[in-house]
1. Which one of these is in the same structural domain as H218 (by TED's automatic domain parsing), within 24 Å of V280 (Cα to Cα) and either modelled with pLDDT of 95 or more or within 16 Å of the ligand (Cβ to nearest atom) (or both): R201, R173?
2. Looking at A140 and the list (1) assigned by TED's automatic domain parsing to the domain that holds G347; (2) within 28 Å of A235 (Cβ to Cβ), which single condition is not satisfied?
3. So if I check each of A328, A283, A340, which one is away from the ligand (no atom under 12 Å from the Cβ) and of a type in the set (A, V, I, L, M, F, W, C)?
4. Grab the strands (runs of 3 or more DSSP E) fully contained in the stretch 207-294, keeping just those with 3 or more residues being within 18 Å of Q313 (Cβ to Cβ) and in the same structural domain as L129 (by TED's automatic domain parsing).
5. Within the stretch 66-90, which residues are open to solvent by less than 40 Å² (accessible area, probe 1.4 Å) and at pLDDT below 95?
6. Need pairs with beta-carbon distance below 9 Å; first residue surrounded by fewer than 19 Cβ atoms within 10 Å (Cβ to Cβ) and of a type in the set (G, A, S) and within the stretch 243-263, second at pLDDT below 95 and not in a loop (DSSP other than H, G, I, E, B); sequence gap 6+ or separate chains.
7. Going residue by residue through the stretch 323-333, is there one that turns out to be more than 30 Å from S23 (Cβ to Cβ), open to solvent by less than 20 Å² (accessible area, probe 1.4 Å) and part of a helix (DSSP H, G or I)?
Amino acid sequence: MKVLCVLYPDPKDGMPRSYYRNSLPHMSHYPDGQTLPTPQGRDFTPGTLLGSVSGKLGLEKFLKTQGHEFIVTSDKEGPNSEFDRHLIDADVVISQPFYPGYLTAERLEKAKNLKLAITAGIGSDHVDLAAANKKGITVAEVTFCNSISVAEHAVMMMLALVRDYMTQHEIARSGGWDIADCVKDSYDIEGMDVGVLAAGRIGLAVLRRMKPFDVKLHYFDRYRLDAQTEKSLNAIYHDSIESLVSSVDVLSIHCPLTAETDGLFDKTLLAKMKKGAYIVNTARGKICNKYDIKDAIESGHLAGYAGDVWYPQPAQQDHPWRTMPKNAMTPHTSGTSLSAQARYADGVREILENFFAGNPIRNEYLIVSDGDYVGTGKHSYAKKEAVNQ
Ligand code: NDP
């Protein structure tokens, strides 16, 4: 079979020749009890760079010894891209949300042989799921592989914003010792009202990680957490997004991008937030209106905005979030730490092993299959009109 894989380019100076750390901590289960991926084999060293072109997700030996054709590219934009040229007769496409090979309806139409699209990570909104359903293409992702990675990034960004780490680091780097400049916008997060929009795998992990900071926790989700979890977190449940956003000093967004959440944070909703509030968005860029966020920061209504998700990706050079004041943006990196890469490389291999052997793919990895939303997809995307990023 022909396996086409879109990965981000290698580091500018080439692949690392050494790493600071020699190993990753051993883990067998995620917090909800789900097991980590269990492929039959592994041809990479965990903790090495796998998500870029030369890393090949550690799949090259496995695929080539089985006689499959394996194309890896970062050239994904435009009709003459390597991605488009190989898509025409690819059987399997693998892509990461950090550098997505967008599988639009138009591209899927051209992909006559395509049977399986694997998201090496979580979040398959770069695939037109309705079109995949129509064509009977299976879409699978590696559920939970990087949820904690994202939660850690979100917590880091909340602290960076509230303490104004960005300004202080810049002053230190540039040889300064201007303490007053460093601290004129710097606060403690202790005692603040901190909320998450959606308390799924990532949102709940963020709540759990923020509890020891002695903040007041808040959340909104379509369904309430069970009473015991809510009590253990001492978290206040809000029955609307408006109620949540008007109550918190720091808001972290963890809902999926759907028709309902596309452009949700516009000037109307932002106006309901407290003056001086901070937003962290590691969910999807399109959930926030880029110009309204910029205006809210520049007018002083918001005190800071951070996140790692943009639209489109890579973000254009003049995207306002790159340069607006008080931003702590990163490229889309939270879910692709070296730790996460090992988990999703294993997960992709597990999916491929099952697919080639004609065995079922784990239900929790499935998004669409046989023309319908199934597994995780049934819960996350069905009837929510997924929006393509
Ligand atoms: P989960 O499915 O575990 O949680 C999502 C939660 O959002 C669910 O509880 C869901 O409710 C809730 N929800 C859905 N729609 C709404 C809405 N309109 N308003 C409020 N709550 C809503 O997903 P994860 O926590 O694993 O991931 C969340 C998102 O994070 C992903 O969709 C993805 O976009 C993003 N992500 C980003 C990554 C990164 O690298 N930056 C990596 C991984 C994920 P319900 O149970 O009813 O569906």
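The values are calculated or read from the model by the stated rules, or taken from the named source; none is laboratory data. Remember, it's a predicted structure, so these values are computed and weren't measured experimentally. Ideal geometry is used to build each Cβ from the backbone, glycine not excepted, and the neighbour counts take in all protein chains shown. Surface areas here come from the heavy atoms of the whole protein model, side chains and all, with no ligands, DNA or RNA. Shrake-Rupley method; radii C 1.70, N 1.55, O 1.52, S 1.80 Å.
1. Working: R173 fails: within 24 Å of V280 (Cα to Cα).
Answer to the check: R201.
2. Answer for A140: the failing condition is (2).
3. Details: A283 fails: away from the ligand (no atom under 12 Å from the Cβ); A340 fails: away from the ligand (no atom under 12 Å from the Cβ).
The unique qualifying residue is A328.
4. Working: elements: 216-220, 250-253, 277-281.
Answer list for the stretch 207-294: none.
5. G78
6. A259/A386
7. no
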